[in-house]
Amino acid sequence: MILYSWKDIQNSVSKEESPLELLAGSGISIGSFDGLHLGHRKIIQELVNLCQKENLLPGIVTFNRPLPLYKHSSDYAGDVSTLEQRLSLMEELGIKFAIVLDFTDEVSKIAGHDFLTILKNVCNMRIFVEGEDFRCGYKGATDMTAIKYWAEQNGVKTSFVPQVLYKAGTDEEERISSSYIRSMIKKGFFSAAQELLTRPYELSLKKCTQISDKTLVIKKSEISQVLPPNGIYRVKDEKGESIRLEITADELIFDLQSNLVSVTF
């Protein structure tokens, strides 16, 4: 997968040229894609399929951290997945390039139609795929209707994928979302999270300081992902071996001495 930063895009705008790989045209979807759940997979599969039919390069525009962190920071519980996890999963699904942004004041104040025009000009965007509830641009003012109008004026094909619903143990259907999965993990409902993610919940520990004596200890403050309630769990390391984990008010304590890359619940 080819990665671009916002600075790369700005440089391309100023030079009025597209990166070599994108000259033949691309299809794009925008989003945090936190967790990469069933709803995200449906959008990405639609994007990849449409790009294959028209010989275009499928790509995504995403953020270093999910947008709810910036918009609801006071009660944000943590990410479902790290950026590295998300990009790896998207590459497996056929995504060929990603533009990774920091959600700065500059980025947040760009009007939706201006942002789409940048993608059209820099990435030679020919196809745009999103969920039908997608909004973008300053204060989320650019909705599906506005995007369709912009696309018609600019010769870009669009596809808006219907919401994917989930029955959460009742007859009522709920929209699958990263926030819902986050709430399931916070409650320790790992089977529900696994069903919606199509894989066990994985906690990355690569960037954490791991203090090892008789046990391995990691400070909670070093973990950006959402954690389940304090308590004792059986988790599996990257080799599939079972480990005892105790989550306290401040720490994660593993019953082993060697460092860990990740664990699954």
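I need the full set of residues from the stretch 1-45 which are of a type in the set (Lys, Arg) and in contact (Cβ under 8 Å) with a residue 12 or more places away in the chain, in order please.
Those that are of a type in the set (Lys, Arg) and in contact (Cβ under 8 Å) with a residue 12 or more places away in the chain: ARG41, LYS42.
Could you grab me the full set of residues in the stretch 195-210 that are closer than 19 Å to ARG234 by Cβ and part of a loop (DSSP other than H, G, I, E, B)?
Within the stretch 195-210, ARG199, PRO200, TYR201, LEU205 qualify.
Might you check whether a residue that is small (Gly, Ala, Ser) and either over 24 Å from the mean Cα position of the chain (by Cα) or at positive phi (or both) occurs anywhere in the stretch 190-209?
Step one: of the stretch 190-209, the residues small (Gly, Ala, Ser) are 191-193, 204.
This time we only want the ones that are either over 24 Å from the mean Cα position of the chain (by Cα) or at positive phi (or both), so: none.
No; the residues of the stretch 190-209 include none that is small (Gly, Ala, Ser) and either over 24 Å from the mean Cα position of the chain (by Cα) or at positive phi (or both).
Is there a residue being within 11 Å of the chain's Cα centre (by Cα), closer than 21 Å to ILE147 by Cβ and of a type outside the set (S, T, N, Q) anywhere in the stretch 41-61?
yes
Could you run through the stretch 175-194 and say how many residues are in a loop (DSSP other than H, G, I, E, B) and without any contact (Cβ under 8 Å) to a residue 24 or more places away in the chain?
Start the filter on the stretch 175-194 by keeping residues that are in a loop (DSSP other than H, G, I, E, B), which leaves 176-177, 188-189.
In the following step, the residues that additionally are without any contact (Cβ under 8 Å) to a residue 24 or more places away in the chain were identified as 189.
Number of matching residues: 1.
State yes or no: is SER204 of a type in the set (Ser, Thr, Tyr), surrounded by fewer than 15 Cβ atoms within 10 Å (Cβ to Cβ) and either out of contact with any strand residue (DSSP E or B) (no Cβ under 9 Å at 6 or more places or on another chain) or at pLDDT 95 or above (or both)?
Answer is no for this residue.
For residues that are more than 20 Å from SER183 (Cα to Cα) and buried (at least 17 other Cβ atoms within 10 Å of the Cβ), tally how many sit in the stretch 218-229.
Count: 1.
Output the residues belonging to the stretch 136-153 that are in a helix (DSSP H, G or I), open to solvent by 50 Å² or more (accessible area, probe 1.4 Å) and either within 16 Å of MET125 (Cβ to Cβ) or not basic (Lys, Arg) (or both).
TYR138, MET144, THR145, LYS148, TYR149, GLU152, GLN153
So which residues in the stretch 230-258 are open to solvent by 50 Å² or more (accessible area, probe 1.4 Å), of a type outside the set (Lys, Arg), assigned to a loop (DSSP other than H, G, I, E, B) and out of contact with any Leu (no Cβ under 7 Å at 6 or more places or on another chain), if there are any at all? So that I can check it myself, show each step before the final result.
Start the filter on the stretch 230-258 by keeping residues that are open to solvent by 50 Å² or more (accessible area, probe 1.4 Å), which leaves 230, 232, 234, 236, 238-239, 241-242, 244, 246, 249-250, 255, 257-258.
Imposing the further condition that a residue be of a type outside the set (Lys, Arg) reduces the set to 230, 232, 238, 241-242, 246, 249-250, 255, 257-258.
Filter once more, keeping what is assigned to a loop (DSSP other than H, G, I, E, B): 230, 238, 241, 249-250, 255, 257-258.
Answer for the stretch 230-258, where residues must be open to solvent by 50 Å² or more (accessible area, probe 1.4 Å), of a type outside the set (Lys, Arg), assigned to a loop (DSSP other than H, G, I, E, B) and out of contact with any Leu (no Cβ under 7 Å at 6 or more places or on another chain): ASN230, GLU238, GLU241, ALA249, ASP250, ASP255, SER258.
If you go through the stretch 200-215 one residue at a time, do you hit one that is closer than 20 Å to THR82 by Cα and small (Gly, Ala, Ser)? Quick ask: steps written out before the conclusion?
We begin by selecting, within the stretch 200-215, every residue closer than 20 Å to THR82 by Cα; these are 200-210.
Now drop any that are not small (Gly, Ala, Ser), which leaves 204.
Scanning the stretch 200-215 turns up at least one residue that is closer than 20 Å to THR82 by Cα and small (Gly, Ala, Ser).
Looking at ARG244, is it of a type in the set (Lys, Arg) and either touching a Ser or Thr at 6+ places or on another chain (Cβ under 8 Å) or in contact (Cβ under 8 Å) with a residue 40 or more places away in the chain (or both)? Reasoning before the result, please.
On the way: of a type in the set (Lys, Arg): yes; either touching a Ser or Thr at 6+ places or on another chain (Cβ under 8 Å) or in contact (Cβ under 8 Å) with a residue 40 or more places away in the chain (or both): no.
In short, no.
Any residue at all in the stretch 156-174 that's in contact with a Ser or Thr (Cβ under 7 Å, 6 or more places away or on another chain), open to solvent by 80 Å² or more (accessible area, probe 1.4 Å) and part of a loop (DSSP other than H, G, I, E, B)?
No, that holds for no residue.
The values are calculated or read from the model by the stated rules, or taken from the named source; none is laboratory data. Here the structure is a predicted model, which is why all the values come from computation and not from measurement. As a convention, Cβ positions derive from the backbone with ideal geometry for all residues, glycine included, and neighbour counts pool all protein chains shown. To get the accessible areas, we keep the full protein, side chains included, count just its heavy atoms, and leave off ligands, DNA and RNA. Shrake-Rupley method; radii C 1.70, N 1.55, O 1.52, S 1.80 Å.
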